[in-house]
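A short write-up of the structure that comes next.
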Amino acid sequence: MNWAQEMIRIYDTFHSSEDEMNPIFHEKFKAGIEITINAEGIMLNARNIENENQETLIPVTEKSAMRTSGIEPHPLCDQLQYIADDYSNQYFHNKNNEKVSFKDNSNRYKAYLDGLNEWAESQYSHPKVVAILKFIKKGNVFFQLKKIKVLDEDVEESKVKGILVRFIIQGCGKIEECWKDPDLIDCYINYYESKLKGSDISYLTGNNETKTDNFPKSIRYPGDGAKLLSVNSTDTNDFTFRGRFKTTNEILSIGSIDSQKMHNALKWLINQRGIRNNDYVTVVWETDFKTIPLPNQGTDDLFSNFFQMDQPIISNVDSKAIIQNLFTKEYKEKINPTSTVYLLSFDSATKGRLSLVQQATLQSSQYLANLEDWHVGAEWKHKRSKKNLKTYTYIGVPNVNQIVYSIYGHESDTGMDIKGSETYVNRQVQRLFTCIVLKRPIPKDFVKKAVLRASMPEAFKNQINWEKVLSIACSLVKKEHFEKKEEFTLALETGELGKRRDYLYGRLLAIADVIEKSRLRNQNVDRPTNAMRYMNMFSKHPYRTWTIIHENILPYLNGYNEAIRTYYLNLIQSVMIDFKEGDFENDKPLNGLYLLGYYCQHDDIYSKWQEKKQHEINNTERESE
């Protein structure tokens, strides 16, 4: 089953139980005025609608749903310039106090009245339709709205012509709001289907339906002008298909009902489950609509209850098993492994064209395995702060936005921002989704860019932003090696993995940083260490730069007491003896492993300090008892 057929299945399965899914030939718009009438079409009241309550479901035709400047009235609720017979009689005064008349709306009013009258006289009429028709025929809509102060006396035309009016009808059923009445909705659907003429094979289902060339807009959000399908011309001499096909039907033949079902289900899915990055939208769902992990979510998003608990940070040795167990408990045990997971991503190259830029269909078991592989393979230690929660540390992977913004964004007062680079960043999100969902190798340029940014701490105004970039770079480097069956951990590597030249040089940089930073802190001096200042140069020429850094830390090293000085000297020596012959003198640039060595050595030193401090506190408490 392709994705379009899946949309039709979703509509047929869920549209009756989901209030948020539009019925076919209906669309949601924002109404500005609400008019209450009785069954005889007499206005009882009217009011301006507050912003939060403006969304209104109204009947539409295929042409009126996509109208721009042409005359295509909606069948029931419409704008003032369509429903008010006295619209053209209005005027206002401009800035120069000149009298300006409203534009002639007679064609719009006539088209609206004719359509409403045709529905009211059909076998699919409804008492509410008849009541609204009576109200419209009585006229003076604009005058009545001004009389009760819903509209200002000297209001400009540009401010009112586009206001949509919805109706409440008293005495025509228990449900008075026309946009909430299921009987009225069914009547219109039956009425509109009765007007559809002709029969062709719909390519989506194989059913014989009336072919449509008018496809809906507003797919990603209300007012979205981009269409997924479009037909430029029905001219048989048009160059678009000349020489390849005889008629447009040979190019594309989609039934009106199939089109409505497909688009309405897609809109509902995007609204309910859409992953939005500016205009780039991704939707992921499982055929039984069970809760599944989304590719954009971080480990702490998926298992927030676990990671936000007030608990000690789990060790890296246990983290892999814990994440695997969480995936099994939260998802694998609850989801049918043979069901299907769909992923669709949409983006617009222009305002009028929407493209399906990414598509994937997997069995649920494979999808879950791929996401588990991502969260296990790229796990690292990260810090996160959320509203109403204190900053917490977790081992896992940040969400996709955090990763992409940190690598390709720029620093702002609120963190990392992508303003001005949205299109480029959308492309990187798409690439990362491909890696996660389809278990593709992480792009080398992605890792290279992350390592480069993490190697320039001096380029960041806020230390916290650099630390986030560093952790993310470590996650990506770890994932790159995980794909090669090399599993680095947060603990200092003591085997062959820990004797890599790049890893060892990273450890030396961390030791130098801690030596100087601790002395500066004791002296209440706030400035970057030599290790941080030379980090970028160190990543390119480690042997040459280490000589400079080592000479600069000697005065700080000599400032410690003999025990601490000896500890650091022995630590440096233990790293030096692990270099293989010729590796230390090799001055070629370092790869991303040096960041892992840097991070792990840093973490190891501070963890031991904390353990020692806690041990001293415990001993003091015992002595006081």
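The values are calculated or read from the model by the stated rules, or taken from the named source; none is laboratory data. It should be emphasised that the depicted structure is a prediction, and the values quoted were computed from it without experimental measurement. Methodologically, a virtual Cβ is constructed for each residue, glycine included, from the backbone with ideal geometry; neighbour enumeration extends over all protein chains shown. Ligands, DNA and RNA are stripped out before the accessible areas are found, and what is left, the full protein with its side chains, is counted by its heavy atoms. Shrake-Rupley method; radii C 1.70, N 1.55, O 1.52, S 1.80 Å.
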Subject >> Unmet criterion (only one of (1) open to solvent by less than 60 Å² (accessible area, probe 1.4 Å); (2) modelled with pLDDT of 95 or more) for SER518 >> reply: (2)
Subject >> Residue list for the range 559-583, filter: of a type in the set (A, V, I, L, M, F, W, C) and open to solvent by less than 50 Å² (accessible area, probe 1.4 Å) >> reply: LEU571, ILE572, VAL575, PHE579
Original post:
All but one of (1) farther than 25 Å from ARG453 by Cα; (2) among the charged types (D, E, K, R); (3) not in a helix (DSSP H, G or I) hold for ARG565; which doesn't?
Top reply: (3)
Original post:
From the list ASP301, ASP310, which residue is at pLDDT below 95 and open to solvent by 60 Å² or more (accessible area, probe 1.4 Å)?
Top reply: ASP310
**OP:** Quick one: count up the residues across the range 348-398 that are modelled with pLDDT of 90 or more, of a type in the set (Val, Ile, Thr) and under 28 Å from CYS474 (Cα atoms).
**Re:** 2
**OP:** Could you tell me which residue of the range 502-548 is nearest to the chain's Cα centre (by Cα), considering only residues that are polar (S, T, N, Q) and farther than 21 Å from GLN463 by Cβ?
**Re:** THR545
Subject >> Hits in the range 2-29 - residues which are without any contact (Cβ under 8 Å) to a residue 12 or more places away in the chain and not in a helix (DSSP H, G or I) >> reply: ASN2, SER16, SER17, ASP19
Original post:
Is it true that GLN402 is open to solvent by 40 Å² or more (accessible area, probe 1.4 Å), at pLDDT 90 or above and of a type in the set (S, T, N, Q)?
Top reply: yes
Original post:
What residue, of LYS197, LYS149, is of a type outside the set (A, V, I, L, M), more than 25 Å from LYS261 (Cβ to Cβ), free of Cβ contacts under 8 Å to residues at least 24 places away in the same chain and out of contact with any Asp or Glu (no Cβ under 9 Å at 6 or more places or on another chain)?
Top reply: LYS149
Original post:
Is it the case that THR489 is open to solvent by 10 Å² or more (accessible area, probe 1.4 Å) and out of contact with any strand residue (DSSP E or B) (no Cβ under 9 Å at 6 or more places or on another chain)?
Top reply: yes
Original post:
Being in contact with a Phe, Trp or Tyr (Cβ under 8 Å, 6 or more places away or on another chain) and open to solvent by less than 60 Å² (accessible area, probe 1.4 Å), is that true of even one residue in the range 48-56?
Top reply: yes
Subject >> the range 267-304 - residue that is touching a helix residue (DSSP H, G or I) at 6+ places or on another chain (Cβ under 6 Å) and hydroxyl-bearing (Ser, Thr, Tyr) and, of those, nearest to LYS332 (Cα to Cα) >> reply: THR299
Subject >> Evaluation of CYS435 against (1) over 23 Å from HIS550 (Cβ atoms); (2) in contact with a Lys or Arg (Cβ under 8 Å, 6 or more places away or on another chain) (one fails), failing number >> reply: (2)
Original post:
For residues in the range 443-453 being within 26 Å of the chain's Cα centre (by Cα) and either at pLDDT below 95 or farther than 17 Å from ASN401 by Cα (or both), which is surrounded by the most Cβ atoms within 10 Å (Cβ to Cβ)?
Top reply: VAL451
**OP:** Give the range 133-153 a look and list any residue that's surrounded by 14 or more Cβ atoms within 10 Å (Cβ to Cβ), in a helix (DSSP H, G or I) and not aromatic (Phe, Trp, Tyr), or say none.
**Re:** LEU133, LYS134, ILE136, LYS138, VAL141, GLN144, LEU145, LYS146
Original post:
Can you tell me which residues in the range 521-554 are among the polar types (S, T, N, Q) and open to solvent by 70 Å² or more (accessible area, probe 1.4 Å)?
Top reply: ASN522, GLN523, ASN524
Subject >> All positions within the range 476-507 that are hydroxyl-bearing (Ser, Thr, Tyr), at pLDDT 95 or above and closer than 17 Å to TRP380 by Cα >> reply: TYR503
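Table: residues versus (1) of a type in the set (D, E, K, R); (2) out of contact with any Ser or Thr (no Cβ under 9 Å at 6 or more places or on another chain); (3) open to solvent by 30 Å² or more (accessible area, probe 1.4 Å); (4) in a helix (DSSP H, G or I).
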| residue | (1), (2), (3), (4) |
| --- | --- |
| ALA31 | no, no, no, no |
| THR36 | no, yes, no, no |
| GLY41 | no, yes, no, no |
| SER69 | no, yes, yes, no |
| GLU72 | yes, no, yes, no |
| PRO75 | no, no, no, no |
Original post:
Is the range 112-129 home to any residue that is farther than 20 Å from HIS26 by Cα, of a type outside the set (S, T, N, Q) and either touching a residue at least 12 places away in the same chain (Cβ under 8 Å) or touching an Asp or Glu at 6+ places or on another chain (Cβ under 6 Å) (or both)?
Top reply: no
**OP:** Out of the residues in the range 154-178 that are without any contact (Cβ under 8 Å) to a residue 60 or more places away in the chain and in a helix (DSSP H, G or I), state the one that is farthest from GLU98 (Cα to Cα).
**Re:** LYS159
Original post:
Considering the range 194-213 alone, what residues qualify as being part of a loop (DSSP other than H, G, I, E, B) and basic (Lys, Arg)?
Top reply: LYS197
Subject >> Within the range 409-429, tally of residues that are open to solvent by 30 Å² or more (accessible area, probe 1.4 Å) and either at negative phi or of a type in the set (S, T, N, Q) (or both) >> reply: 13
**OP:** Select from the range 500-515 the residues that are among the charged types (D, E, K, R) and in contact with a Leu (Cβ under 7 Å, 6 or more places away or on another chain) and write down the one among them that is least open to solvent (accessible area, probe 1.4 Å).
**Re:** ASP502
**OP:** Quick one: in the range 313-329, of everything that is at pLDDT 80 or above and of a type outside the set (Val, Ile, Thr), which residue is most open to solvent (accessible area, probe 1.4 Å)?
**Re:** LYS329
